[in-house]
Amino acid sequence: MSGASSIMSGASSISVNEGASKGVDWLRAQAARLEIEIETGPLGETLIDAGVKRRGGIEAGLGVARICLGGLGEVALTSDATIRRWPWTLSVRSSQPVIACLGSQYAGWSLAHGEGRDAFFALGSGPARALAQKEALFAELGYRDQATRTTLVIESGRAPPPEIIAKVAEACGLPPSALTVIYAPTQSLAGGVQVVARVLEVALHKAHALKFPLERIVDGLGAAPLSPPHPDFMTAMGRTNDAIIYGGRVHLFVTGPADDAKALADALPSSASRDYGAPFRDIFKRFKGDFYAIDPMLFSPAETMVTAIEAGATFRAGGVNEALLDASFG
């Protein structure tokens, strides 16, 4: 990517792992209050259960979301009258949105072991990705972290097996004892919070897919309604996606010509996708559970604003769809 050096020049001294480690220390200190469990795994790794055997909760989810961002973003729960029936809103902001969202938070590391009923599969998120460098995306970002301890976050109803731990630690160039893995299922409060808190990351990922120069995205804000949990995985997964697709709002601040900012604003909203217009669970069923058959352009916020900083012009597109949020959230 032509702008890789520009991104790197602004982030070469930033460690997402160091930032996340502070968040992990906070979880450890607050474990009893947050209703999470911290234990040492068979290879000496630290395992944090944020919603399987322990209840976890919204505040734990906020902490996990900040860890996913590598300490480079703020995540808060606020009340917002924009969506009348679902006022509780997760707000996210980062002054290093590319590194925070794509270099850390994005769930881009595919991890699998075994077959059949005992098979384990999860997508890894968080700052361990910036050490492992397993994704082509990092060559484009031009960002590589260095750290002596690291953290991986996964959406899962169980801890990863030792084989996955060994694989992650080796890829990161660290002993397993330097690795922390945080896990929580989508059905849990903490799991749902950390997924919906990806509203800004989803916009960055789509901007990358649209080939907008990432080095020109210099700041970002996002908000999405807190989706209510559900014990059924499909329903819970649908709700977290719908929170962003039909209720997410993002504001990006970019450099360069105003015409480019307008084109980005017009292309970003989920309503630009051919598959827009039904609760995500229904869309998933329509494609017979084939996640990759769904139009990838659907995974984006409902409403976008893009400000061209030098021109002082702001462009808007899309809009919140309260009817579809109601259909999804119940």
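Bear in mind these aren't lab numbers, they're just calculated from the coordinates by the rules spelled out. Since we're looking at a predicted model, the values are computed, not measured. In this analysis, Cβ positions are derived from the backbone assuming ideal geometry, glycine residues included, and neighbour counts consider all displayed protein chains.
Segment 137-209 and segment 271-330 have Cα centres separated by 24 Å. Return the lysines within reach of LYS134: Cα separation strictly under 16 angstrom, same-chain partners fewer than 8 residues apart disregarded; answer none if there are no such residues. Within reach: LYS167.
Over all other residues within a Cβ to Cβ distance under 14 Å of GLU322, the charged ones net out to -1, with Lys and Arg as +1 and Asp and Glu as -1.
Taking every DSSP bridge with both residues inside the chain, close to 70 percent are antiparallel.
Considering all alpha-carbon pairs of segment 220-330, what whole percent are spaced by more than 16 angstrom? Pairs farther apart than 16 Å: 58 percent. Put in order of Cβ neighbour count within 10 Å, fewest first, the listed residues TRP109, TRP26 become TRP26, TRP109. Reducing segment 92-117 and segment 40-74 to their Cα centroids gives an inter-centroid distance of 14 Å. Within straight-line reach of LYS285, meaning a Cα separation under 20 Å, sit the following aspartates and glutamates at least 8 residues removed in sequence or on another chain: ASP232, ASP242, ASP275, ASP295, ASP326. Is segment 272-330 best put as rounded, prolate or oblate by its Cα gyration tensor, with a ≥ b ≥ c the root eigenvalues, rounded for a/c under 1.5, and otherwise prolate when a/b is larger than b/c, oblate when not? The shape class here is oblate. Overall size of segment 4-329 from C-alpha positions, given as principal axis extents largest first: 54, 45, 37 Å. For the chain, adding -39500 (n - 2.57) for each run of n ≥ 4 DSSP H residues and dividing by the number of residues yields -10000 deg cm²/dmol at 222 nm.
Computed from backbone phi with θ = phi - 60° and the Karplus coefficients 6.51, -1.76 and 1.60, the 3J(HN,Hα) list for segment 266-280 is 5, 8, 6, x, 4, 5, 6, 7, 5, 9, 5, x, 8, x, 4 Hz; x is used for glycine and proline. In whole Hz and in residue order, list the ³J(HN,Hα) couplings for segment 146-158 that follow from phi through the Karplus curve 6.51 cos²θ - 1.76 cosθ + 1.60, θ = phi - 60°; x for Gly and Pro. Ordered by residue, 3J(HN,Hα) equals 10, 7, 9, 8, 8, 9, 10, 10, 9, 8, 7, x, 7 Hz. What is the local net charge at HIS251, summed over the other residues whose Cβ is closer than 12 Å to its Cβ (Lys, Arg +1; Asp, Glu -1)? Around HIS251, the surrounding residues sum to +1. Largest GNM mean-square fluctuation among SER177, SER91, SER13, using the chain with Cα springs under 10 Å: SER13.
With a Förster radius of 41 Å applied to the beta-carbon distance between THR78 and GLU170, the computed FRET efficiency rounds to 0.50. Rounded to whole numbers, the Karplus 3J(HN,Hα) couplings from phi for segment 77-93 are 9, 10, 9, 9, 7, 4, 10, 4, 7, 10, x, 6, 10, 8, 10, 10, 8 Hz, using 6.51 cos²θ - 1.76 cosθ + 1.60 with θ = phi - 60°, and x at Gly and Pro. Cα to Cα, under 19 Å, and not fewer than 8 places away if on the same chain: which aspartates and glutamates meet these conditions relative to LYS262? Answer for LYS262, where 19 Å is the Cα cut-off: GLU215, ASP219, GLU303, GLU310, listed by chain and number.
Taking ALA197, ALA184, ALA261 as the candidate residues, the one with maximal mean-square fluctuation in a Gaussian network model of the chain, Cα springs under 10 Å, is ALA261. Over all other residues within a Cβ to Cβ distance under 14 Å of GLU170, the charged ones net out to 0, with Lys and Arg as +1 and Asp and Glu as -1.
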